[in-house]
Amino acid sequence: MTSRPRYRPATELVHLGRDPRRYLGAVNTPVFRASTILFDTVADLGEAARGTYPGLAYGLHGVPTVTELARAIASLEGGHAALMVPSGLTATTLPLLALLKPGDHLLMTDAAYGPTRRFCDNHLRRLGVDVQYYDPVCGASITELFRSNTRLVFTESPGSLTFEVQDIPAICAAAHARDVVVVLDNTWATPLGFNAFEHGVDVSVHAATKYIGGHSDVLLGAIVANAATFPALQRLWTDMGVTPSSDDCFLGLRGLRTLGVRLARHELSAMAVATWLSQRPEVRRVLHPALPGDRGHALWKRDFRHASGLFGVVLQPCEAARIAAMLDGMRLFGMGWSWGGFESLMIPTWPELSRTATRWNPGGPTLRLHIGLEDPQDLIADLEEGFARLRG
């Protein structure tokens, strides 16, 4: 059999994860709903019991709708294989459980997604893992933090509240010199914006709820791994029974088809809004790695292919009541914890409440904006009215 050729990302997004010849000519992989799987022979049943059966043994282990999405994301990012899970939080935490044991030392970025940090503090420590937070911009100097029992470095680049870009190649080189695994939360960039495996990452995780789903109506996560780490991840995934539903994976597959065109629009519109914000007197600093002058811009330009629609803003000092007046009256920007959908969002953030390895004191209150698919000029007009309320 000849191997399938590789195409450019836009083409891959259209064709990965579907095979009409297998499904009666259907363009999209159908939704498979199944729990019990029947076997033809006792011998087949025995193989399934021993874990050597080559086919699907139980619906929990991934029906075609689930496995097609996993294969598509793995191929898109260049990983060995992928696992689909029910949420982005499951995607960030399952590798920690699978790859760490009591007595191991974990280096976790101080800019980590809040729920990932909460899992480390509430559960990994209880299970005997030594959790240490580190400065996300430490780069190669992370080697100074390694101990004899260091097993894993968790990265998130950019950080989802403070948007530091990490030097992933330098961190991976330092970690691999000591046989330490590197996990990256790659949700912000998606596989289109940052190829984790080309830069040395062992496991790349995604909140597919966000850009892959793209419509704010599905909870989904993806774990993409290299060949060395995948068996341990798959074992825990199987033993914990954390397979998402076929309906959710169908929505993930559908979202994947338009990921390229949506992400391009998010990126362009976000740059337009971020540039406008950088010139406003109410704004102290814009936290957007793709914006020239940002502290992480050089690394972003070196390592990333694209940006996305999520960034932060540091305002000039002002009272909390003025910020509330601004946000409460927004017409197009909603307030919600997630991002990556077609709609624009804006929330205040308080990174200083969770930092332990570094101090977050940017000189003013911070906002996080997700720029959706609306016309950026309408979003700018909404923000201009918001600033009028901010000034009082």
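This table checks each residue for (1) aliphatic (A, V, I, L, M); (2) surrounded by 24 or more Cβ atoms within 10 Å (Cβ to Cβ); (3) touching a residue at least 24 places away in the same chain (Cβ under 8 Å).
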residue	(1), (2), (3)
Thr116	no, no, yes
Leu127	yes, no, yes
Ala140	yes, no, yes
Phe154	no, yes, yes
Pro158	no, yes, yes
Ala173	yes, no, yes
His176	no, no, yes
Leu192	yes, no, yes
Asn195	no, no, yes
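Of all residues in the stretch 258-275, which are open to solvent by 50 Å² or more (accessible area, probe 1.4 Å) and either over 30 Å from Val218 (Cβ atoms) or under 19 Å from the mean Cα position of the chain (by Cα) (or both)?
Those that are open to solvent by 50 Å² or more (accessible area, probe 1.4 Å) and either over 30 Å from Val218 (Cβ atoms) or under 19 Å from the mean Cα position of the chain (by Cα) (or both): Thr258, Val261, Arg265, Thr275.
Right, Leu287: more than 20 Å from His199 (Cα to Cα) and either crowded, with 17+ Cβ neighbours inside 10 Å or not basic (Lys, Arg) (or both) or not? Write out each step before concluding.
Values: more than 20 Å from His199 (Cα to Cα): yes; either crowded, with 17+ Cβ neighbours inside 10 Å or not basic (Lys, Arg) (or both): yes.
Answer is yes for this residue.
Count, please, the residues in the stretch 291-306 that happen to be closer than 18 Å to Ala111 by Cα and open to solvent by less than 50 Å² (accessible area, probe 1.4 Å). First the steps, then the outcome.
First, pick out the residues of the stretch 291-306 that are closer than 18 Å to Ala111 by Cα: 294-297, 299-300.
Remaining after also requiring open to solvent by less than 50 Å² (accessible area, probe 1.4 Å): 294, 296-297, 299-300.
Qualifying residue count, the stretch 291-306: 5.
Of the numbered conditions (1) within 20 Å of the chain's Cα centre (by Cα); (2) at pLDDT 95 or above, Trp337 fails exactly one; give the number of that condition.
Status for Trp337: all satisfied but (2).
If I go through the stretch 145-164 residue by residue, how many of them are assigned to a loop (DSSP other than H, G, I, E, B), over 14 Å from the mean Cα position of the chain (by Cα) and not acidic (Asp, Glu)? So that I can check it myself, show each step before the final result.
Residues of the stretch 145-164 that are assigned to a loop (DSSP other than H, G, I, E, B), as a first pass: 146-149, 157-164.
This time we only want the ones that are over 14 Å from the mean Cα position of the chain (by Cα), so: 146-149, 162, 164.
Still in the list and also not acidic (Asp, Glu): 146-149, 162.
So the answer is 5.
In the stretch 30-72, how many residues are among the aliphatic types (A, V, I, L, M) and under 30 Å from Leu192 (Cα atoms)?
Step one: filter the stretch 30-72 for residues among the aliphatic types (A, V, I, L, M), giving 31, 34, 37-38, 42-43, 45, 48-49, 56-57, 60, 63, 66, 69-70, 72.
Of the ones still in play, those that are also under 30 Å from Leu192 (Cα atoms) are 31, 60, 63, 66, 69-70, 72.
Count: 7.
List pairs: first residue in the stretch 1-22 and within 20 Å of Gly252 (Cα to Cα), second residue modelled with pLDDT of 90 or more and among the basic types (Lys, Arg) anywhere in the structure, Cβ distance under 8 angstrom, at least six positions apart or on different chains.
Leu13/Arg257; Val14/Arg257; Leu16/Arg71; Gly17/Arg71
Hey, among the residues in the stretch 207-245 that are of a type in the set (Gly, Ala, Ser) and open to solvent by 10 Å² or more (accessible area, probe 1.4 Å), which one's nearest to Ser308 (Cα to Cα)? Quick ask: steps written out before the conclusion?
Keep residues of the stretch 207-245 that are of a type in the set (Gly, Ala, Ser), which gives 207-208, 213-214, 216, 221-222, 225, 227-228, 232, 241, 245.
Filter once more, keeping what is open to solvent by 10 Å² or more (accessible area, probe 1.4 Å): 207, 216, 227-228, 232, 241, 245.
Details: Ala207: 14, Ser216: 16, Ala227: 29, Ala228: 30, Ala232: 31, Gly241: 32, Ser245: 27 Å.
Once the filter is applied, the top-ranked residue is Ala207.
Which of the helices (runs of 4 or more DSSP H) found entirely inside the stretch 1-102 contain at least 2 residues meeting this: surrounded by fewer than 16 Cβ atoms within 10 Å (Cβ to Cβ) and at pLDDT below 95? Walk me through it before giving the result.
Numbers: elements: 9-15, 42-50, 64-77, 88-99.
The qualifying helices (runs of 4 or more DSSP H) are 9-15, 42-50.
More than 28 Å from Val218 (Cα to Cα), in contact with a helix residue (DSSP H, G or I) (Cβ under 8 Å, 6 or more places away or on another chain) and open to solvent by 50 Å² or more (accessible area, probe 1.4 Å): is that true of Gly386 in this structure? Show your work before the answer.
On the way: more than 28 Å from Val218 (Cα to Cα): yes; in contact with a helix residue (DSSP H, G or I) (Cβ under 8 Å, 6 or more places away or on another chain): yes; open to solvent by 50 Å² or more (accessible area, probe 1.4 Å): no.
Here the answer is no, as Gly386 does not meet what is asked.
Which one of these is open to solvent by 20 Å² or more (accessible area, probe 1.4 Å), among the small types (Gly, Ala, Ser) and out of contact with any strand residue (DSSP E or B) (no Cβ under 9 Å at 6 or more places or on another chain): Gly329, Gly363? Working first, answer last.
Details: Gly363 fails: out of contact with any strand residue (DSSP E or B) (no Cβ under 9 Å at 6 or more places or on another chain).
It is Gly329.
Looking at (1) under 22 Å from Leu259 (Cβ atoms); (2) open to solvent by less than 20 Å² (accessible area, probe 1.4 Å); (3) touching a helix residue (DSSP H, G or I) at 6+ places or on another chain (Cβ under 8 Å), which is the only condition Thr162 fails?
In the conditions (1) under 22 Å from Leu259 (Cβ atoms); (2) open to solvent by less than 20 Å² (accessible area, probe 1.4 Å); (3) touching a helix residue (DSSP H, G or I) at 6+ places or on another chain (Cβ under 8 Å), Thr162 misses (1) alone.
Only one residue in Gly340, Gly309, Gly372, Gly334 is of a type outside the set (Lys, Arg), open to solvent by less than 30 Å² (accessible area, probe 1.4 Å) and free of Cβ contacts under 8 Å to residues at least 40 places away in the same chain. Which one?
Values: Gly340 fails: free of Cβ contacts under 8 Å to residues at least 40 places away in the same chain; Gly309 fails: free of Cβ contacts under 8 Å to residues at least 40 places away in the same chain; Gly372 fails: free of Cβ contacts under 8 Å to residues at least 40 places away in the same chain.
Answer to the check: Gly334.
The values are calculated or read from the model by the stated rules, or taken from the named source; none is laboratory data. No experiment lies behind these values; they were computed from the predicted model shown. Note that each Cβ is placed from the backbone with ideal geometry, even for glycine, and that neighbours are counted across all protein chains shown. Heads up: the accessible areas ignore ligands, DNA and RNA and are worked out on the full protein's heavy atoms, side chains in. Shrake-Rupley method; radii C 1.70, N 1.55, O 1.52, S 1.80 Å.
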